[in-house]
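Encoded as structure tokens, the structure appears first; notes follow it.
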Amino acid sequence: MACVLVHTEVDDGHPTPAAGAVLGEARRIASTLGATVYALAWVPPGDDEGPAADALTTVLGRGGADRVVLVAAPPTPRLWLTRGQALAQACAQLRPALTIFASDDGGRDLAPRLAARLGAAYVAEPVIETGPRGEVVLARPVYDGEQWRRLQLDELEHPTVVTLSGDRSLACGADEAERVRLDLPPASVAPPTTERDDPHAALAHARVVVVAGGGVTTTTLPLVAALAAQLGGELAGTQAACQRGLIDPERQVGVGARSVTPALYVVVGASGSAAHLGAVSPDAEIVAVDRDPRAPIWKAARWGLVGQIEALVPALTAALGGRA
Amino acid sequence: MTVAVLLRRAMARPGQVDDDQVLGPCERGALVAGLELARALTVEAIAIAVGPARREERVLAMALRAGCARAVRVGGEGLDELDYLGLAEVLAAAATSVDATVVVCGDRSVDERSGAIAPAVAELLGWPHLTAVTELRPHPRGLEAVHLGGGRRIAVQLPTPAVIAVLAPAVRANDAGTSAAVGAPASQAIVTADPASLGIELRRLSPRRGLVGRLRPLRGTRQATVLPGAAELVARLREQRLVAPAEPADAAPDAAPDAATPPDASQPEHAR
């Protein structure tokens, strides 16, 4: 039976929210393909055996895994430099047809290198579609969202490696998973590193992001910030807003700047360029507030308001129950 | 030691260049970081691009003007149809041909955004790689690169040779932006290579063309639903559970002024 391998990050004995969501999606895909789901989970040394391992195996089984492989690894950065050897060895033994990573910083470093090692097809952050015959199709928008690349899994003669954004529903089962032991090399010795906190890290995982574009001014920025606060979201900026000093450049959303995976992405006064929206998860629902009804943002947004920012944004804040 | 900078022209559509930008944000970051590293190491930076002359020579000319010592374009039929690994094989061979010891490239392109090239080139060369790099400098052990990951900025020391994938250069507030296209006009020629001269047999790579995926235009013209007012928008968001439900005493949606006004596109509010 084909194997679907899920790279699973664990935090405090449970899969991270993104890992849990990706495991749920893997369960749905594997059920369509008739495949077995292996969760390969990275745990602190000592937690790969005993009660902690049993408890995690149970959690992962309920989350969609049929089999669980636990790899003991010190808390090093999640990079190919530290994990690649063990990951590649696990794939050499399990020979997965499909390997899935959460599309976070670690997944984006590990997944393409593993794909190259396996000679696999690689698809970053696709939308999962099911065709009329039940076939699984990986589709992703490219070229400013005007074209889609579509890859049908059952047509491939190569293994496939995929990264998925974490905004997905969890699998909720009662199945027991079986723990499997593989003969893996220890995680590599970490290269010398020094770390410092990223004060803007919450932006990457925020459920709601409100972004100010070039149409926002010093006068209207407080209105946009109040909307973000009312939504319980994070405030960010496009390149235009950051260049003008309205938003801290560390909070710029764009390709090569910050990537975000919110459920709701509110765009105020931004045109919606490819360099901006390319950093927003395709699963995000985009809401636009802009005065230009011909801006490209309207091709990406689901809903929106056309008009003056200084009138619409306070109205939206008030409609949400806040003080405009 | 030589620093190879892998570049690619931003594309608006397949086979169609983007008139608004020659380089994507990450490619600009790669060019800036590659040149700064080469200067710090007092070695040559060599720009490499794959694709037809009409598309890639402008990129390479920009790299030469910015300070690259040489530029190499790999051209040939069928190169645009390769998947990430086929393209990486060509790039790895080109980097080898210039005796690169550090390969710097953009973390992801603005059009395809897969972020696979740097790790794949590293795999083919058998070198370590690091993605999402915001700073790059020499270190007594090789390189020190700052990786943005897991809510932290992590300075990682890597041995050389290595492949580094760079994010966009930092935007400077109250500045018109950074540009790599500075320096004296380029007098150096762009060297053209074909895959065969790099030891690449394109026929062997052709099966990988099936792994790119079929390109299809978006069916119909997608267009947002423009709602008449804020209350209607909030109602939609609540239906979809994207925002918290209204509290019982919350009369705000009805009280919210309907501020949507007919657009006046003749009076642009801002430069986009």
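Please treat every number below as a calculation from the coordinates, not as lab data. From a predicted model like this one, the values you see are computed outputs, not experimental measurements. A quick note on method: Cβ atoms are made from the backbone with ideal geometry, for glycine too, and the neighbour counts reach across all protein chains shown.
Things to note:
- Per-residue average of Cβ from other chains inside 10 Å of A:287-294: 5
- Taken residue by residue and averaged, Cβ atoms of other chains lying within 10 Å of the Cβ of B:190-203 number 0.
- Peptides ranked, highest mean first, by Cβ atoms within 10 Å: ranges B:11-21, B:59-69: B:59-69, B:11-21
- Treating r as the C-beta distance of residue A:156 and residue B:225 and R0 as 51 Å, the FRET efficiency rounds to 0.90.
- The overall shape of the protein assembly as shown, judged from the alpha-carbon gyration tensor, is oblate: a/c is not under 1.5, and a/b is no greater than b/c.
- Chain A: relative contact order in percent, alpha carbon pairs under 8 Å with at least 6 residues between: 16 percent
- Checking every one of the GluC sites (Glu not before Pro) in the range B:74-157 against DSSP loop status and a limit of 10 other Cβ atoms within 10 Å picks out B:77.
- Relative contact order, whole percent, for the range A:170-324 stands at 20, derived from Cα pairs under 8 Å and 6 or more residues apart.
- Cβ-Cβ FRET estimate between residue B:215 and residue A:85, R0 fixed at 51 Å, reported to 0.05: 0.90
- Averaged over residues, the count of other Cβ atoms within 10 Å places the peptides A:192-199, B:95-102 in the sequence B:95-102, A:192-199, highest first.
- Nearest-0.05 FRET efficiency for residue A:176 and residue B:80, computed from C-beta distance (R0 45 Å): 0.35
- Charge dipole magnitude, Cβ of K and R +1, D and E -1 - the range A:212-324, Cα centre, debye nearest 20: 160 debye
- Cα pair count fraction exceeding 37 Å, expressed as % - chain A: 24 percent
- For the pair residue A:197 and residue A:127 in one chain, pulling the backbone fully straight at 0.36 nm per residue adds 22.0 nm over the alpha carbon distance.
- Separation between Cα centres of the range A:267-324 and the range B:62-130, rounded to whole Å: 36 Å
- For peptide A:118-125, the mean count of partner chain Cβ atoms within 10 Å of a residue's Cβ comes to 5.
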